[in-house]
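Comments concern the structure below.
The values are calculated or read from the model by the stated rules, or taken from the named source; none is laboratory data. This is a predicted model, so every value here is computed, not measured. So basically every Cβ, Gly included, is an ideal-geometry build from the backbone, and we count neighbours across all protein chains shown. Ligands, DNA and RNA are stripped out before the accessible areas are found, and what is left, the full protein with its side chains, is counted by its heavy atoms. Shrake-Rupley method; radii C 1.70, N 1.55, O 1.52, S 1.80 Å.
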Amino acid sequence: MKIGILGAGQLARMIALAGYPLGLDFIFLDPSIDACANKLGEHLYGDYSDPALLAELAERADVVTYEFENVPADVAKFLAEHTKVYPPAKALEVAQDRWVEKNFFLGLGIPTPQFALVDSFEDLVQAMATIGWPALLKTRTQGYDGKGQSLLKSEADLKPAWELIQGFPAIVEAFVPFTREVSIIAARSVSGSVVFYPLSENLHKGGILRIAENRANDPMQTQAEDYISRLLNALDYVGVMALELFEVEGQLIANEFAPRVHNSGHWTIEGAETSQFENHLRAILDLPLGSTAAVGKAAMVNFIGGIPAIEDVMVIDNTHLHLYGKSSRKGRKVAHATVRTESAEQFEQSLRQLAKLAEQIDDS
Ligand code: AMP
């Protein structure tokens, strides 16, 4: 069985690593010659919209999936005419555009920060009268890891923020004074079975995820499961999905969802009975989904911009290192490590050590 993946970055790499024990083969389409998953399967090298390459991918893969949400929806639709493609193109269409996504949340009764459409500077000025300060200006498309976003604290910020996005279609969104950020990851199979992972509690800095910790028995689990279930059902979704949420006064508010495996779920490789990567494959192949139960306490720490000395990571108790095979570059996620243990005390100690190492090399 051959799985086609649009994109050959670290997410594709970890999907392939989960697929090898299941006897699966992989073929990737990626425009980067040194894409880091390419040693784990065949690499079709070229643009995502190259018709000849897409035709070849569709011809050779039994199922096609993707590792990022900015795949042009037309590409997913073209592939779907020739082979199975999961998650469905509709999920891409919704997740790619913050305006569409937020309206989709509201249509399903999922709370989201107050927002308004901004197509011109006048729109922005007008919207601020209703949204109030502080707020965030975000481009509708192509934003990730806090890119294409500006914080608006006072009128003086409006012009520079508007100039920064260079007239791209945008939304303005109320700043949420959250007590914490969490995400829920779920998998839904072709035949409609659904499993949910325990919540991840996530720490971001500069819009980029730094630490994700599993939260078995979290009081917000049920509400998060309810919200992500609405999305899964409305989209007739297949595969792994992540929903990022803010917690404010004991309520969850949706920030965004990702129609793919997610950085906040990397701890599931060691910290859950079945990883998000394996469950993504099981879901798109319509195999029984695996248990998502947590195995002890687990937390993942991202290494951004560089990697500490391997020995310094490995010497920390109960730590598992994942190098992505990517060259180091400012602000780039190049590796992560997961602490997993049954002992709460050991967990705290190892996590502290790991977080310190990550901070030392972090250049973002
Ligand atoms: P995003 O790219 O929209 O996921 O945003 C990246 C990070 O910026 C989030 O994980 C939050 O830490 C922060 N952020 C985004 N939107 C808001 C908001 N409306 N209020 C407060 N913080 C936000």
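Set the Förster radius R0 to 30 Å, insert the Cβ-Cβ distance between Met1 and Ser328 as r into 1/(1 + (r/R0)^6), and round the FRET efficiency to 0.05.
After rounding, the FRET efficiency stands at 0.30.
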Quick one: which residues, 5+ away or cross-chain, put their amide H under 5 Å from the amide H of Asp286? H built at 1.01 Å from N. Val190
In the structure displayed, which of Lys147/Lys326; Lys77/Lys333; Lys39/Lys330; Lys39/Lys333; Lys333/Lys356; Lys147/Lys330 lie more than 26 Å apart, Cα to Cα? Lys77/Lys333
Of Gly239, Ala186, Gln349, which is farthest on the positive side of the dipole of region 180-361, counting Cα position, with +1 on Lys and Arg Cβ, -1 on Asp and Glu Cβ, and the Cα centre as origin? Gly239
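Grab the Cα-Cα distance for Glu342 and Leu22, subtract it from 0.36 nm times how many residues apart they are, and report the gain in nm with one decimal. Before the final figure, lay out each step's value.
Numbers: separation 320, 0.36 × 320 = 115.20 nm, distance 2.78 nm.
Gain on extension, Glu342 to Leu22, equals 112.4 nm.
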For region 180-361, with the dipole built from +1 on Lys and Arg beta-carbon atoms and -1 on Asp and Glu ones, taken about the Cα centre, which of Pro288, Gly250, Ala299 lies farthest toward the positive end? Ala299
Once you have the Cα-Cα distance between Asp286 and His82, take 0.36 nm times their residue separation minus that, and quote the gain in nm to one decimal. 71.6 nm
Loop-resident GluC sites (Glu not before Pro) in region 281-364 with no more than 13 other Cβ atoms inside 10 Å, DSSP not H/G/I/E/B, are Glu342
Rank Gln223, Leu6, Ile208 by how far each Cα sits towards the positive end of the charge dipole of the chain (+1 on Lys, Arg Cβ; -1 on Asp, Glu Cβ) and give me just the farthest. Ile208
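How long is the gain from Asp363 to Arg180 if the chain were fully straight, where each residue apart is worth 0.36 nm and the alpha carbon distance is subtracted?
Values: separation 183, 0.36 × 183 = 65.88 nm, distance 2.40 nm.
Separation in residues times 0.36 nm, less the Cα-Cα distance, equals 63.5 nm.
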Three principal axis extents, largest first, for the C-alpha atoms of region 2-85, in Å? 31, 24, 20
Residues in region 122-138 that a label on Glu155 would reach, taking backbone N under 20 Å of a point 7 Å out along Cα→Cβ: 122-137
Give, rounded to the nearest 20 debye, the magnitude of the charge dipole that the chain has about its Cα centre when Lys and Arg contribute +1 at Cβ and Asp and Glu contribute -1 at Cβ. 200 debye
Lys147 versus Val125: modelled label distance in nm, points set 7 Å from Cα along the beta carbon direction: 3.2 nm
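In debye to the nearest 20, how big a dipole does region 2-85 give about its Cα centre with +1 on each Lys and Arg Cβ and -1 on each Asp and Glu Cβ? Provide the component values of the computation, followed by the final result.
Details: 6 positive and 13 negative charges, 57 e Å.
Dipole size: approximately 280 debye.
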Computed from the mean reciprocal separation of all distinct C-alpha pairs, what Kirkwood hydrodynamic radius does the chain have, in Å? 21.1 Å
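Please list Ile5, Ile211 from largest to smallest accessible area, probe radius 1.4 Å, with all protein chains kept in place.
Details: Ile5 0, Ile211 35 Å².
Ranking Ile5, Ile211 by accessible area, largest first, yields Ile211, Ile5.
Could you size up the charge dipole of region 230-364 around its Cα centre, putting +1 on the beta carbon of Lys and Arg and -1 on that of Asp and Glu, and report it in debye to the nearest 20?
Values: 12 positive and 18 negative charges, 100 e Å.
For region 230-364, the charge dipole is close to 480 debye.
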Between Val248 and Ala55, what is the label-to-label distance in nm when each label sits 7 Å out along the Cα-to-Cβ direction? 5.1 nm
Pop out the carbon and sulfur fraction of the accessible area of region 1-90 as a percent, whole number, probe 1.4 Å. 53 percent
Here the tail fraction of P(r) beyond 13 Å, over all Cα-Cα pairs of region 114-174, rounds in percent to 52 percent
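Kindly report the accessible area of the chain per residue (heavy atoms of protein chains, probe 1.4 Å, no ligands, DNA or RNA), in Å². Each step should come with its number before you reach the end.
Values: 15250 Å² over 364 residues.
Result: 42 Å² of accessible area for each residue.
Using helices alone, what [θ] at 222 nm do you get for the chain, with -39,500 (n - 2.57) per DSSP H run of 4 or more residues, divided over all residues and rounded to the nearest 500?
Using -39500 (n - 2.57) per qualifying helix, the result is -9000 deg cm²/dmol.
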Using a 1.4 angstrom probe on heavy atoms only, work out the carbon and sulfur share of the accessible area of region 273-364 in %. 47 percent
Relative contact order (percent) for the chain, with alpha-carbon contacts under 8 angstrom and 6 or more residues of separation? 13 percent
Output the direction-averaged projected area (hull surface divided by four) of the convex hull of the alpha-carbon atoms of region 269-364, in nm². 6.7 nm²
